[in-house]
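Note sheet for the following structure.
The values are calculated or read from the model by the stated rules, or taken from the named source; none is laboratory data. All values reported here derive from a predicted model rather than from experimental measurement. Ideal geometry is used to build each Cβ from the backbone, glycine not excepted, and the neighbour counts take in all protein chains shown.
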Amino acid sequence: MSNEEIAQMFLDIADFLEIENVQWEPRAYRKAALTISSLPVDIKQIYEEGKLMDLEGIGSSISKSIEEYIKTGRMSKYDSLSKKYPLDLRAFRKIQGMGPKRAYALYKKLGIRSINDLKSALESGKIRKLEGFGEKSEMQLKHNLESFMKVKEERKMLGYVIDYFEALAREMRKNGPFFSVEIAGSTRRMKETVGDLDILATSDKPQKGMEFFTGMKQVKEIIVKGDTKTSVKLDIGINCDLRIVENGSFGAAMQYFTGNKDHNVKLRKIAISKGLKLNEYGLFKGSTSIAGATEEKVYETLGLKWIEPELRENTGEIEAARKGTLPKIVKYEEILGDLHVHTKDSDGANSLEEMVAAAEGFGHKFIAITNHSKGLRIANGLDEKRFSVFNNKIDKLNEKSNIKILKGVELEILKDGSVDLSAGVLKNMDFVIGAMHQNTNMPRKELTNRLIRAIESGLINTVAHPTGRKIGERAPFDLDYESIFEACKKNDVLLEIDGFPERSDLPFDMVKLAKVYGIRFSLGSDAHRDMQLRFIRMAGAIARRGWLEKRDVVNTMDYKDIQRLKR
């Protein structure tokens, strides 16, 4: 069962109902979609345990639709509405400025149903002639469509599937005839998106191992089945390869199948230069294996320090391993708290108390509650009065909480670079995030100067999701990033690494570049509900991939030191 598919169906239903001007149901379906897409386990499992109604936003009507889909593979409400409105809303809602009502207006007037239809209409200049659109609107829509097409890709976001992957591997270890089971590939490198899943295992009963694997409930289809390699399609719509290897080759296989390709090519060249041969079976001198049981031994025999999987992108890690200058990258357990979290007081789904309790459950020592400010009305941003009341609530909760709650805000950076709350209000905040959500299609120089003005204001601690990208939906902002980095360094302003899967922002290569400027970083899950707090791990992964050490990440500090950060 695909949580993602049900969530997308509910988002479609919400859009259909919005077209029909239904008042409250769209919000309910979107809330349900958010809940389901954030689940770390299969929705079918929750249904079988009889706990659907325990989920946030899942009432009687919505739970019946879920049950219907689980039992029949259909959802009658979705079927009837999608027949009535034959639009590709899933694609349209990823295009900035293409809300459901606008999409429906284009369908009614020009018969536009799909991305290709929209592209043709824009190329022919038909949209500018419609009432309510015009030439400027058409040009903006064309720009947004081009941005969407640049970043569109058919991959899964790791943050949404890693729990599923790890649960699959745990089940294999616990119940299967295997000595060891490990995840390899881009998942092990913690890449933001993955195209498939690679699993390596050892066993003295390989045939039984393959029988166990292909019989697992997660396996939807067997593609190829062999004694040492089997390929299947999992029920979340992704392919998985299981390879069973010899104990003596396990380390070499883990190295080979972790990648990336360029990293491996360079290692093989080093082996050749030493008169050796490296492949997935081991490191050989002639026909004799001289290393292969462990990755560490393979790297050591090649004259290299062992390289953390997250660093294996051929961005200088092999040269550093040869010289002994690899960074001691920050450990996941060194990340003590989350510095970007929302509650239902703005656009989240859970209360302050619920988010704090969930953060404690995740083992956090502190959490910064950073609800949106008033300038972002679509997110129900808080004004000065509401923040005063909310922060008093935090103070009272801090008196009895087992973790520390930092008073924060995701502050809106306005079009001219000013911010939408006064310095007096911000003085009482513990951690201030500056963010650009609106009017971001400005010319490069203007947008850059706008952000720099906010950085120089002395009012913010960190720049939220600095590139503004959304994977599969929106290209990064057109900014002069080196000027941004220089401004951050000069003004001692942090850059955020946002771990929310669609954002994954900053990307790891820009993190590595920004580190050269001497900038420090804050990590945030950007959680809008309790289960999304797990995305702090994704922020940590990007930090590691960007070569950050403990000293580079303020989340490794005590909360009191965070409160004392310059602003």
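Could you grab me the full set of residues in the stretch 96-116 that are within 30 Å of residue 235 (Cα to Cα) and either without any contact (Cβ under 8 Å) to a residue 60 or more places away in the chain or more than 30 Å from the chain's Cα centre (by Cα) (or both)?
113, 114, 115, 116
When only residues in the stretch 405-456 that are closer than 21 Å to residue 477 by Cα and among the hydroxyl-bearing types (Ser, Thr, Tyr) count, which is surrounded by the most Cβ atoms within 10 Å (Cβ to Cβ)?
Looking at residues that are closer than 21 Å to residue 477 by Cα and among the hydroxyl-bearing types (Ser, Thr, Tyr), I get 448.
Out of 343, 325, which single residue is without any contact (Cβ under 8 Å) to a residue 12 or more places away in the chain and in a loop (DSSP other than H, G, I, E, B)?
325
Can we say residue 165 is touching a strand residue (DSSP E or B) at 6+ places or on another chain (Cβ under 7 Å), farther than 30 Å from residue 543 by Cα, of a type in the set (Phe, Trp, Tyr) and not in a loop (DSSP other than H, G, I, E, B)?
No.
Considering only residues of the stretch 175-190 that are of a type outside the set (D, E, K, R) and in a loop (DSSP other than H, G, I, E, B), which is nearest to the chain's Cα centre (by Cα)?
Residue satisfying both the conditions and the ranking: 190.
Looking at (1) more than 24 Å from residue 177 (Cα to Cα); (2) under 33 Å from the mean Cα position of the chain (by Cα), which is the only condition residue 302 fails?
(2)
Considering only the stretch 117-133, I want to know if a residue exists there that is more than 32 Å from the chain's Cα centre (by Cα), farther than 30 Å from residue 442 by Cα and not assigned by TED's automatic domain parsing to the domain that holds residue 231.
Within the stretch 117-133, none of the residues are more than 32 Å from the chain's Cα centre (by Cα), farther than 30 Å from residue 442 by Cα and not assigned by TED's automatic domain parsing to the domain that holds residue 231.
Which number in (1) in contact (Cβ under 8 Å) with a residue 40 or more places away in the chain; (2) over 30 Å from residue 106 (Cβ atoms); (3) among the hydrophobic types (A, V, I, L, M, F, W, C) marks the one condition that residue 145 misses?
Of the numbered conditions (1) in contact (Cβ under 8 Å) with a residue 40 or more places away in the chain; (2) over 30 Å from residue 106 (Cβ atoms); (3) among the hydrophobic types (A, V, I, L, M, F, W, C), the odd one out for residue 145 is (2).
Name the pairs: first residue in the stretch 473-500 and more than 18 Å from residue 439 (Cα to Cα), second residue crowded, with 17+ Cβ neighbours inside 10 Å and of a type in the set (Ser, Thr, Tyr), Cβ to Cβ under 6 Å, at least 6 apart or on different chains?
Listed pairs, sorted by first residue: 483/448; 494/462; 494/522; 496/462; 496/522; 499/525.
Look through the stretch 191-208, keep the residues that are of a type in the set (Gly, Ala, Ser) and assigned to a loop (DSSP other than H, G, I, E, B), and return whichever of them is nearest to residue 293 (Cα to Cα).
Top of the filtered list is 203.
Across the stretch 517-539, what is the total count of residues that are on the phi > 0 side of the Ramachandran plot and more than 15 Å from the chain's Cα centre (by Cα)?
Of the residues in that region, 1 qualify.
Which numbered condition trips up residue 97, out of (1) over 26 Å from residue 158 (Cα atoms); (2) modelled with pLDDT of 85 or more; (3) part of a loop (DSSP other than H, G, I, E, B)?
Result: residue 97 fails condition (2) only.
Here is a yes/no grid of residues against (1) out of contact with any strand residue (DSSP E or B) (no Cβ under 8 Å at 6 or more places or on another chain); (2) under 28 Å from residue 157 (Cβ atoms); (3) among the charged types (D, E, K, R); (4) part of a strand (DSSP E or B):
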{"position": "173", "(1), (2), (3), (4)": "no, yes, yes, no"}
{"position": "222", "(1), (2), (3), (4)": "no, yes, no, yes"}
{"position": "230", "(1), (2), (3), (4)": "no, yes, no, yes"}
{"position": "236", "(1), (2), (3), (4)": "no, yes, no, no"}
{"position": "243", "(1), (2), (3), (4)": "no, yes, yes, yes"}
{"position": "251", "(1), (2), (3), (4)": "no, no, no, no"}
{"position": "255", "(1), (2), (3), (4)": "yes, yes, no, no"}
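Has the stretch 483-498 got any residue that is closer than 18 Å to residue 370 by Cβ, among the polar types (S, T, N, Q) and outside any strand (DSSP E or B)?
no
Can you report the number of residues in the stretch 208-228 which are surrounded by 14 or more Cβ atoms within 10 Å (Cβ to Cβ) and either in contact (Cβ under 8 Å) with a residue 24 or more places away in the chain or among the basic types (Lys, Arg) (or both)?
7
Pairs needed: first member in the stretch 68-89, in the same structural domain as residue 114 (by TED's automatic domain parsing); second member anywhere, in a loop (DSSP other than H, G, I, E, B); C-beta distance under 6 Å; at least 6 residues apart or different chains.
These pairs meet every condition: 68/75; 69/75; 86/113; 87/113; 88/114.
Which residue, of 286, 282, 275, is on the phi > 0 side of the Ramachandran plot and crowded, with 20+ Cβ neighbours inside 10 Å?
Of 286, 282, 275, the one residue that is on the phi > 0 side of the Ramachandran plot and crowded, with 20+ Cβ neighbours inside 10 Å is 282.
Which residue is farthest from residue 30 (Cα to Cα), if the candidates are limited to the stretch 76-88 and must be touching a Phe, Trp or Tyr at 6+ places or on another chain (Cβ under 9 Å) and not in a helix (DSSP H, G or I)?
86
For residue 55, work out the one condition from (1) more than 30 Å from residue 127 (Cβ to Cβ); (2) surrounded by fewer than 16 Cβ atoms within 10 Å (Cβ to Cβ); (3) at pLDDT below 90 it doesn't fulfil.
Failing condition for residue 55: (2).
So, restricting to helices (runs of 4 or more DSSP H) that lie completely within the stretch 1-75, which ones have at least 2 residues that are of a type in the set (Ser, Thr, Tyr) and out of contact with any Asp or Glu (no Cβ under 8 Å at 6 or more places or on another chain)?
60-72
Give all pairs with beta carbons closer than 9 Å in which a residue from the stretch 159-180 that is within 17 Å of residue 232 (Cβ to Cβ) and touching a residue at least 12 places away in the same chain (Cβ under 8 Å) meets a residue that is part of a loop (DSSP other than H, G, I, E, B) and polar (S, T, N, Q); count only pairs at least 6 apart in sequence or on separate chains.
Going by the 9 Å Cβ cut-off, the qualifying pairs are 164/218; 167/218; 168/218; 171/218; 176/203; 178/203.
Tell me the residue from 334, 353, 295, 308 that is free of Cβ contacts under 8 Å to residues at least 60 places away in the same chain and over 17 Å from residue 390 (Cβ atoms), please.
None of the others qualify; the one that does is 295.
Go through (1) touching a residue at least 40 places away in the same chain (Cβ under 8 Å); (2) crowded, with 20+ Cβ neighbours inside 10 Å; (3) touching a strand residue (DSSP E or B) at 6+ places or on another chain (Cβ under 6 Å) for residue 504 and report which single condition fails.
(3)
Look at the stretch 468-518 and say how many of its residues are at pLDDT 95 or above, of a type in the set (Val, Ile, Thr) and closer than 23 Å to residue 536 by Cα.
So the answer is 3.
Just to verify a result, which residue in the stretch 473-518, among those that are among the β-branched types (Val, Ile, Thr) and in contact with a Gly (Cβ under 9 Å, 6 or more places away or on another chain), is nearest to residue 547 (Cα to Cα)?
Across the stretch 473-518, the extreme among qualifying residues is 511.
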